[in-house]
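The structure appears right after this line, and notes come after that.
Laboratory data are not the source of any read-out in this text; all were calculated from the coordinates shown. Only a predicted model underlies this, so the values are computations on that prediction, with no experimental measurement involved. Every residue, glycine among them, receives a Cβ derived from its backbone with ideal geometry; neighbour counts consider all protein chains shown.
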Ligand code: 6R9
C-alpha cells in the first residue's frame, strides 16, 4: 500500500471530457434516477426502432432477470461500421501490427465495412443464421475482428476461444454452445513461434464424437501446411472471392445475444457468459469514451488478446462503436526485443495504451533502458487491467513508461460485467497507486461483511454490486439456474463479484483479489477445480488439490498438491510429466508452477479438503494455519510443510 496521491495534471484538466465536479454530478444523477440517465445515454448508439422501456432488471433470488432497452431494435456491426461511413469512410479503423515488426496493415472504416460484409456472406453461404453459434479460434489478425463483426451483422452469436487453449478445452466449448461452424487460421504467430491452430481444431473435432461441426473456415496466416477436410473445410480467401462486399445488417432486438465467452469459476467447467446487444454496446462505448477520454483522432492501443473479454470490449466493440482508431497487436511484449511495446507506440504514435500488470512487472524486471531508449512522446494516458497492480509496478509504469506525465487508469471489471465498473477518469480523479478508485456511472458498489451486511465508510470485506448496469451478463448460456446460483445466492439480492475489497476514508476502492477458488495467473482466470480435474485424469494421480500463491511476475502462481496412486514413486520426471499433461489438457496458461507430491491431503472427518490450510502452506504462512482440530489426520500437515516446494 502507498499513501501517495497524484493530482490531475493541468493539461488533463483542460482537455478531458469531465473534471471532478462533472464526474460527481453525473455519478449522482446516474444512481439517483438510472432510468432517466440511461434513457439518455442509450442514444449514444443508433437504433432502427427506438426503445421505450429502459431498465427492467431484478436481482431477486430465484427470479434474476436483466433486460435493458428491451423493445429497441439495432445491430452492433451496423453501429460499429456503417453508422460512421458518412464521416469516417477513409479514417483508419484498425491498425494491425504483426508479430514481425516489418508487417502491418491499416484498415479504413470503408475497408472494414467491405471485409466484414464479405466475411458475413461467407458465413451466410454456410447456413449461418440469426441466433446460430459460431466458434472462433483465431490469432490476433484483423480477420478475427472481421469475423466477430460478421457474426454480429447476421445476428449470429460468436464464442471466441483463446488460441492458447488446448484441443480438449476447445472441444468442450464447441460442444457446450453447439457451434456448427468454427473459424480459425492455419497457424498463429507469436514471438516468432508458430501455433498450430488448424491442427488443434482438427483434434478438437475428433474429440467431439457425435457432435458435428459442419464447416471450418480457415484464414491463411502463415501459409503452413494444414489438412483440409473436403466438404467441411474451406479456405477463407477462396470463399471470399465468390461473394460481394454488400451484406445488410440484420435488425435484432436489444436483448438478442451478441456473444458467449467462457470463463473459469470456483466450481465445475468454465461457464458460458452471455452478453447481449443493446445494453452491452451502450456500456462498452460509454466506458471507452470516458475512461480513456477518447477524442477523435486519438490512436488507442489495448494489448489484450481478443480471446478475453478485454479484447471484445476494448479492442473491438467499444472503440469501433466510438469511431476510434484501434490498434491490434499480434505479438508479445518481448519480441524481437524488450522494447517492442514502446517501439510500436512510437511507430504508430499511440496516445492511449492499455495493458496488464503482469506485462508491466515482466518488463520492469528488464530495467529502464529498453523503455527509455524510445521516445513515447505520443503517450498521454496509460491503463491497467486484469489483476491488482502493486504500487511498485504502478510507480514504475508512471515514472518510466509515462515519464510522470501520463495518468494511469486502473480499471476493475470482469468478463461478467461486460465493461469497466470501478476506475479513475483521467481528468477527474486524483490517483492512488494500487487503487481502482471510484465507481463508473450507474455502478453501485457495496462492501459487505461475511453475513452480507453492507459496511459504511472505511472498511474491508467482499465486493458486491447492488443494482444492474447495461453491460451486465444476462445468463450462463444454457443454465440460468447456475447464473443465479453463482452470482446472486451468496448475498441474496446483490451481484457477488468474487472479489475482496477495501474502501478507504475517501471512498476509494482497493481490490484485494479473489475470495473464491479462482486463481488469477498473469491476469488470466483459472478455476482450481479445472486444474484438479485435469490432474486426476492422469493415470498415476489419485488425488489433487490446487491453490494460488503470490508470484512476482504473474501475480499468482499455480501450486498443485498431488497424491499418487499406490505403488507409484514420486520423481522429478513425473513432476515434469504432470506439468506437460495439464498444458495439454487445458492449455499453457494452466501449467502448474509448483507440484508437491503429498502422501495425504488435509481433510475434515467428512472428507472435505481444507484448502485454507493448503493455501497458507503455499503462501509460506505456517505460523498461521488457523484451526486444524477438525482434521481427520493432523499429521499430514507436518509432512506437507516439510516437503513444501520452493518458489521461483
Ligand atoms: C477484465 C478482466 C476478472 C477478475 C476480477 C479481479 C481481477 C481485473 C482488476 C482486477 C484488481 C483490477 N481484476 N481487473 N483486480 N484490479 N484493475 O480481467 O476480466 O478475466 O473475467 O477477470 O480479474 O479479480 O474478478 P476477467
Percentage, to the nearest whole number, of Cα pairs in segment 227-266 over 12 Å apart: 79
State, in angstrom, two size descriptors of segment 1-65 derived from its alpha carbons: Rg to one decimal place and Dmax to the nearest whole number. 17.8, 50
From the Cα centre of segment 400-449 to that of segment 221-269, the distance in Å is 33
One checks the Cα atoms of segment 390-454 and finds Rg and Dmax, in Å, of 14.0, 45
Which semi-axes, in whole Å and largest first, does the equivalent ellipsoid of segment 48-128 have when worked out from the alpha carbon gyration tensor as the square roots of 5 times its eigenvalues? 35, 17, 16
Would you compute, for the Cα atoms of segment 184-257, the largest minus smallest coordinate along each principal axis and list the three values in descending order, in whole Å? 41, 32, 28
Quickly rank 631-643, 83-95, 285-297 as a protection proxy: mean count of other C-beta atoms within 10 Å, highest first. 285-297, 83-95, 631-643
Compute the semi-axes of the equivalent ellipsoid of segment 545-596, taking the square root of 5 times each eigenvalue of the Cα gyration tensor, and list them largest first in whole Å. 21, 13, 9
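Given a cut-off of 33 Å, what percent of all Cα-Cα pairs of the chain lie beyond it?
For the chain, the share of Cα pairs beyond 33 Å comes to 46 percent.
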For q = 0.15 Å⁻¹, Debye-computed log10 I/I(0) when each Cα of segment 183-322 counts as one equal scatterer: -1.12
Given points 7 Å out from each Cα along the Cα-Cβ axis, report the residue 194 to residue 506 separation in nanometres with one decimal. 5.3
Two-decimal Rg to Rh for segment 93-151 - Kirkwood Rh, Cα set: 1.02
For segment 432-489, count the residues as N, evaluate 2.2 N^0.38 Å, and divide the Cα radius of gyration by that value, please. 1.34
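What is the Å³ per residue value for the convex hull set by the Cα atoms of segment 493-588?
Convex hull volume per residue, Cα atoms: 132 Å³.
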Given the C-alpha centroids of segment 499-530 and segment 25-65, what is the distance between them in whole angstrom? 28
For all pairs of alpha-carbon atoms in segment 88-194, what percent lies in each bin of width 5 Å, listed from the first bin to the last filled one? 2, 12, 20, 21, 19, 14, 9, 3, 0
Rounded to whole Å and sorted largest first, list the principal axis extents of the Cα atoms in segment 312-367. 37, 23, 18
In cubic angstrom, how much convex hull volume per residue do the alpha carbon atoms of segment 480-547 span? 130
Mind putting together the pair-distance distribution for segment 342-470? All Cα pairs, 10 Å bins, whole percent per bin, short to long. 12, 38, 31, 14, 5, 0
In what order do 412, 38 fall by count of nearby beta-carbon atoms within 10 Å, going from fewest to most? 38, 412
Where the centre of each part is set by its Cα atoms, how far does segment 167-199 sit from segment 330-397, in angstrom? 29
Expected sort for 20-28, 198-206, 536-544 on mean C-beta neighbours within 10 Å, highest first, is 198-206, 536-544, 20-28
How big is segment 22-181 by the Kirkwood estimate over distinct Cα pairs, in Å? 18.6
Kirkwood hydrodynamic radius of segment 273-314 from all distinct Cα pairs, in Å? 11.4
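Using only the Cα atoms, work out Rg/Rh for segment 583-648, with Rh taken as the Kirkwood radius, to two decimals.
That ratio is 1.02, to two decimals.
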Apply the Debye scattering formula to segment 263-408, with a single equal point scatterer on each alpha-carbon and no solvent, then give log10 I(q)/I(0) at q = 0.20, 0.21 Å⁻¹. -1.27, -1.36
